[in-house]
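Scroll down for the structure; my scribbles are underneath it.
The values are calculated or read from the model by the stated rules, or taken from the named source; none is laboratory data. All values reported here derive from a predicted model rather than from experimental measurement. Cβ coordinates were reconstructed from backbone atoms using ideal geometry, including for glycine residues, and neighbour counts include every protein chain displayed.
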Amino acid sequence: MLDLSLVAALLVDPLFFGPIFLITLTYKMTPKDLEKLVTFIMPYGKYKGRTIADLPGHYLNWFAREGFPAGELGQLLALMQEIDHNGLKHLLDPLKTS
């Protein structure tokens, strides 16, 4: 079960004196989430039809910059981006064969 909490902080940009909203999503990862990475199919976009685990790093990084979609898809993309960014993608290989 994903435990989703939203933390929002309002900051003032010292250069433009405008507000900047920082939103951080945190959740508790479970072993089922790792299984979903190798079975959940990307439903749209350039890589429609690929599993989340098979998405290229530059595509995951684009989501990290532009914003992850809401819901389970966004949570899985964020998890996969973190795994890829830290060079841990190979740890999903045993799950792909089972």
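Kindly indicate the residue of region 35-63 that is of a type in the set (A, V, I, L, M) and more than 12 Å from the chain's Cα centre (by Cα) and also farthest from residue 97 (Cα to Cα) among those meeting that condition. Reasoning before the result, please.
Going through region 35-63, the residues of a type in the set (A, V, I, L, M) turn out to be 37-38, 41-42, 52-53, 55, 60.
Keeping just the survivors that are more than 12 Å from the chain's Cα centre (by Cα) gives 38, 41-42.
On the way: 38: 10, 41: 16, 42: 19 Å.
Checked region 35-63; the qualifying residue farthest from residue 97 (Cα to Cα) is 42.
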I'm told residue 4 meets every condition in (1) surrounded by 10 or more Cβ atoms within 10 Å (Cβ to Cβ); (2) at pLDDT 60 or above; (3) of a type outside the set (Asp, Glu) except one. Can you identify the failing condition by its number? (2)
